[in-house]
Amino acid sequence: MTTGYTKAVLALGSNLGERNDTLSEAVADLVDPPEVRLLAVSPVVQTKAVGGPAGQPDFLNMVMTVETTLSPAKLLQHCQSVENKHHRVREVRWGPRTLDVDIITYGDFTSDDPVLTLPHPRAAERAFVLYPWSLIEPAATLNGERISALAARAPDFDDLAPFDGFGDFDGVPTAGAVE
Ligand code: ADP
Ligand code: MG
C-alpha cells in the first residue's frame with residue numbers, strides 16, 4: 001500500500017430500480033475522487049432481503065476494496081453523497097433502497113461511535129457481505145476469524161445465489177473461498 005493511503009472495505013447493496021446499473025455507477029462514483037483508488041471489486045451476489053418489510057425485491061450485493069487518503073468520517077460522507085446521488089429511499093428502516101453503501105473496515109481502525117462504527121457492527125453475521133468479500137480477500141479476518149468461515153455460518157448464507165443478470169437464479173453460491 002502506498003504511504004498515506006489506508007485500505008477500506010466497502011459493501012454495496014441495491015434492491016430497487018435498475019439494481020445492477022446502480023451498483024456499476026456507484027463503483028465508478030466511489031473511486032472518482034483522486035483520494036480514493038480502486039483495489040478490487042467482487043462478483044455481484046443476489047440475496048433475499050434480511051429484516052424489514054416482507055415481499056421486498058431481492059438485493060444485489062457486492063464488496064469493493066479501496067485505498068484512500070480520506071479520514072474515516074470523510075469516507076463516510078463520500079459514501080453517503082454517492083447514496084444520495086442515486087436517490088436512495090430512506091423512509092423505512094431496512095426497507096427497499098436504491099443504494100446502500102456501508103464501510104466494513106477502515107484499516108485497523110476501531111470505533112464505537114454510532115455515526116460510524118468500525119468494523120461495521122453487523123458485518124460478521126452477514127453472508128451477503130462476508131461471502132463476496134471472501135472472494136476478493138480470501139485471507140481476510142474479522143474479529144479474529146476467517147471471513148469465509150464466518151460467511152458459511154451466517155444465517156443468510158443459504159439465501160445467496162450468483163447474480164445471473166435477470167433475477168430468479170435457482171442456485172447456490174459457487175464454491176470459491178468458502179470451505
Ligand atoms: P443500514 O446500512 O444499517 O441498513 P443505514 O444505511 O440507514 O442503515 O445507516 C444508518 C446510519 O448508520 C448512517 O447514517 C451512519 O451514520 C451509520 N453508520 C454507523 N456505522 C456505519 C458504517 N460502518 N458504515 C456506514 N454507516 C454507518
Ligand atoms: Mg448503510
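What follows draws every value from the coordinates through simple rules; no lab data is involved. Nothing here was measured: the structure is a model prediction, and the numbers come from that model. Don't worry about glycine lacking a Cβ; one is built from the backbone with ideal geometry, like all the others, and counts go over all protein chains shown.
With a Förster radius of 22 Å applied to the beta-carbon distance between Leu38 and Lys74, the computed FRET efficiency rounds to 0.80. The order of Leu75, Leu12, going from fewest to most other C-beta atoms within 10 Å of their C-beta, is Leu75, Leu12. With each label modelled as a point 7 angstrom along the Cα→C-beta vector, the Glu125-Asp21 pair spans 3.6 nm.
Each residue, Lys7 and Asp108, gets one label point 7 Å from its Cα in the Cβ direction; the gap between the two is 1.3 nm. Projecting the Cα atoms of Val45, Phe128, Thr105 onto the dipole axis of segment 6-169, where Lys and Arg carry +1 and Asp and Glu carry -1 at the beta carbon, places Thr105 farthest toward the positive end.
Summing charges over neighbours of Asp21, with a neighbour being any other residue whose Cβ is under 14 Å away from its Cβ, gives -1 when K and R count +1 and D and E count -1.
Taking the number of other C-beta atoms within 10 Å as the exposure measure, put Val9, Val115 in order starting with the fewest.
Details: Val9 27, Val115 7.
Lowest to highest Cβ neighbour count: Val115, Val9.
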